Amino acid sequence: MNQITVSTDKSKLDILFIQNFLKDIYWAAGRTIEEVQTTIDASVCFGIYLDGKQIGFARVITDYVVFGYVMDVFITEEHRRKGYSSILIKNMMNEPLLKDIKIWRLATTDAHFLYEKFGFAKLSHPEKMMEKIL
């Protein structure tokens with residue numbers, strides 16, 4: 001029987017698995033194992049596991065009160081279209097550590113349908129947003 005679990009326990013994360021996926025994806029191309037570890041150390045992380053084997057990941061950068069930014073969300077190709085990403089995001093949104101966050105943000109090219117199920121919408125005032133990319 002397939003058992004899905006989601007955990008915030010960073011000791012369970014398969015760092016090599018995460019880096020191997022991220023290094024080839026458009027938003028994180030070339031990210032090194034050291035950089036992946038740094039991002040994990042500085043974030044609230046979620047591993048999703050099928051029968052104990054990690055099949056996906058997500059992380060939130062946050063101050064725990066005002067703001068949370070969702071990043072690096074993925075499910076491996078062979079496990080997509082089975083509802084696992086919804087399970088992952090639901091667990092993230094219901095995580096007690098993150099219960100006080102007032103403003104959630106993320107960027108996505110092709111998964112709007114997923115995040116809309118959890119109340120995400122286009123920016124109300126995108127003209128107020130700024131960025132600096134190095």
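The values are calculated or read from the model by the stated rules, or taken from the named source; none is laboratory data. Only a predicted model underlies this, so the values are computations on that prediction, with no experimental measurement involved. Neighbour counts run over all protein chains shown; Cβ positions are idealised from the backbone, glycine included. Accessible surface areas use protein heavy atoms only, side chains included; no ligands, DNA or RNA. Shrake-Rupley method; radii C 1.70, N 1.55, O 1.52, S 1.80 Å.
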request  = Convert each backbone phi in segment 58-74 into a coupling constant with the Karplus relation 6.51 cos²θ - 1.76 cosθ + 1.60 (shift: θ = phi - 60°), then list the ³J(HN,Hα) values in order as whole Hz, x for Gly and Pro.
outcome  = 7, 9, 10, 8, 7, 9, 6, 10, 9, 9, x, 10, 7, 9, 6, 7, 7
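Rounded to the nearest 0.05, what FRET efficiency do Asn20 and Glu127 have when you use their Cβ-Cβ distance and R0 = 41 Å? Display every interim value, and only then the final one.
Values: r = 39 Å, r/R0 = 0.94.
FRET efficiency, Asn20 to Glu127: 0.60.
Report the relative contact order of segment 21-134, percent, no decimals, based on alpha-carbon pairs under 8 angstrom and at least 6 residues apart. Could the numbers behind the result be given before it?
Working: 120 pairs, mean separation 20.9, N = 114.
So the answer I get is 18 percent.
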query = Using a Cα distance threshold of under 18 Å, what count of lysine pairs results for segment 4-128 when pairs must be 8 or more residues apart or interchain?
reply = 12
note = Non-local residues with an amide H under 5 Å from the amide H of Phe67, with H modelled 1.01 Å from N and Pro and chain starts lacking one, are Lys102, Ile103
key: In Å², nearest 10: area of Phe74 left accessible to a 1.4 Å probe   = 10
Antiparallel %, DSSP beta bridges [both residues in segment 4-128], to 5 = 85
ask   = When the Karplus curve 6.51 cos²θ - 1.76 cosθ + 1.60 is applied with θ = phi - 60°, which whole-Hz ³J(HN,Hα) does each residue of segment 10-15 get, with x for Gly and Pro?
value = 5, 5, 8, 5, 8, 4
ask   = Taking a probe of 1.4 angstrom, what is the accessible area of Glu34 in Å², to the nearest 10?
value = 120
Derived scalar couplings ³J(HN,Hα) [segment 17-25; Karplus, 6.51 cos²θ - 1.76 cosθ + 1.60; whole Hz; x for Gly, Pro] = 4, 4, 5, 4, 6, 5, 5, 10, 8
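Please sort by residue number the trypsin sites (Lys or Arg not before Pro) in segment 1-87 whose DSSP state is loop and whose Cβ has at most 11 other Cβ atoms within 10 Å. The partial results should precede the final answer.
On the way: sites: Lys10, Lys12, Lys23, Arg31, Lys53, Arg59, Arg80, Arg81, Lys82; in loops: Lys23, Arg31, Arg80, Arg81, Lys82.
Taking segment 1-87 and a limit of 11 other Cβ atoms within 10 Å, the loop trypsin sites (Lys or Arg not before Pro) found are Arg81.
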key: Of the chymotrypsin sites (Phe, Trp or Tyr not before Pro) in segment 12-43, those whose Cβ has at most 14 other Cβ within 10 Å and which sit in DSSP loop   = Tyr26, Trp27
request  = Determine the sum of side-chain charges near Asn2: Lys and Arg each +1, Asp and Glu each -1, restricted to other residues whose C-beta is under 12 angstrom from that of Asn2.
outcome  = +1
query = In whole angstrom, and with the biggest value first, how far do the Cα coordinates of the chain range along each principal axis?
reply = 47, 31, 27
